[in-house]
Amino acid sequence: MNDFEKYEFDRLGYIVIPNFLTGAQVETLSAAIDEAEAHALAEAQRPPDKISAIGLEYRHDAERGYFATGTQEEGSTLIIEDFFNFDPAFDFLIGHEPTMAYIESIVQERATINNCEIRIRYPGNQTRTHMGGPVGRKHRYYYSGQGIDCMMVRMVYFVHDVGPGQGEFCVVPATHKSNMASPYGGRDPDTEPGMIGLPVQAGDAIFFTENLRHGGFTNRSNQTRKTLHVGYGPFWMKSQNHSTMDEEPYILPGTFARLNEAQRLLFRAHRTLLENDGSHA
């Protein structure tokens, strides 16, 4: 993360990183996302296995190791959490060197993965606005003598172009530094003052602090918008997926077995690390 990127991230709360993935990586991820979508939709009509603390109904596939919520209907979103269990095609994102260079620049403590989701937004869908301002320790944005010090941050990877009218990721810049909570609540992003869309191309990524006010403009096109989200934070923070909120990361034994040690550390909380090898963060 160079000085220009750090400056813009601190100033705005996000940066767009062009050409972050190679063409081959985009093709690999796109095919795996399509397979996961088809698998999750085939089970979409059965009763939920779990209801999250905020009322989301999840279907759990024990064999492929994911939790899914949502349908393919007009205006809906399908979210597939813990997608790393689903297919080894996603594994290269665990400890992805260019990504970790950004994470380690602004998360001062040892960073681990606490959120991973495929987000599929069908035509007519929007993501209501949320966050911004003083929203609690988990999402805190701070600047100290050591530089930027973030709690929860997220890298969003794009496998196809998303332009105006196609459900762009949207933000109200600099609201990660606001001293006041947003008076708009969970609002329609299309009408919230100050909200701007961030057009991207296949292979681009958006890196942002969860403290920033953000959402997703209405997808007014015929294109289904598909993205991969991977969230990071300090090692002591447990899962931030809604299906397993504040539980241990949900990693199948088979998934864990195929990872190298550096990748495994990205799913280990401090307590587990101590139990296994006696080391400290």
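The values are calculated or read from the model by the stated rules, or taken from the named source; none is laboratory data. Since this is a predicted model, take the numbers as computed values, not measurements. All Cβ positions, glycine included, derive from the backbone under ideal geometry; neighbour counts span all protein chains shown. Please note that ligands, DNA and RNA were not included when accessible areas were found on the heavy atoms of the full protein model with its side chains. Shrake-Rupley method; radii C 1.70, N 1.55, O 1.52, S 1.80 Å.
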Report yes if some residue within the stretch 50-65 is among the hydroxyl-bearing types (S, T, Y), more than 27 Å from V200 (Cβ to Cβ) and open to solvent by less than 20 Å² (accessible area, probe 1.4 Å); otherwise report no.
yes
Taking the stretch 209-235 and keeping only residues that are acidic (D, E) and either touching a Ser or Thr at 6+ places or on another chain (Cβ under 8 Å) or assigned to a strand (DSSP E or B) (or both), one is left with none
Restricted to the stretch 119-172, and to residues that are hydroxyl-bearing (S, T, Y) and touching a residue at least 60 places away in the same chain (Cβ under 8 Å), which residue is nearest to N219 (Cα to Cα)?
Y122
The residue from Y141, Y102 that alone is at pLDDT 95 or above, hydroxyl-bearing (S, T, Y) and touching a strand residue (DSSP E or B) at 6+ places or on another chain (Cβ under 6 Å) is Y102
Quick one: is I80 open to solvent by less than 60 Å² (accessible area, probe 1.4 Å) and within 16 Å of G231 (Cα to Cα)?
yes
Residue list for the stretch 255-268, filter: in a helix (DSSP H, G or I) and either in contact (Cβ under 8 Å) with a residue 24 or more places away in the chain or surrounded by 20 or more Cβ atoms within 10 Å (Cβ to Cβ) (or both)
T255, R258, A262, Q263, L265
Output the residue which, of all residues in the stretch 206-246 that are of a type in the set (K, R) and open to solvent by less than 30 Å² (accessible area, probe 1.4 Å), is farthest from H96 (Cα to Cα).
R213
Only one of (1) open to solvent by less than 10 Å² (accessible area, probe 1.4 Å); (2) within 23 Å of R258 (Cα to Cα) fails for D91. Which number is that?
(1)
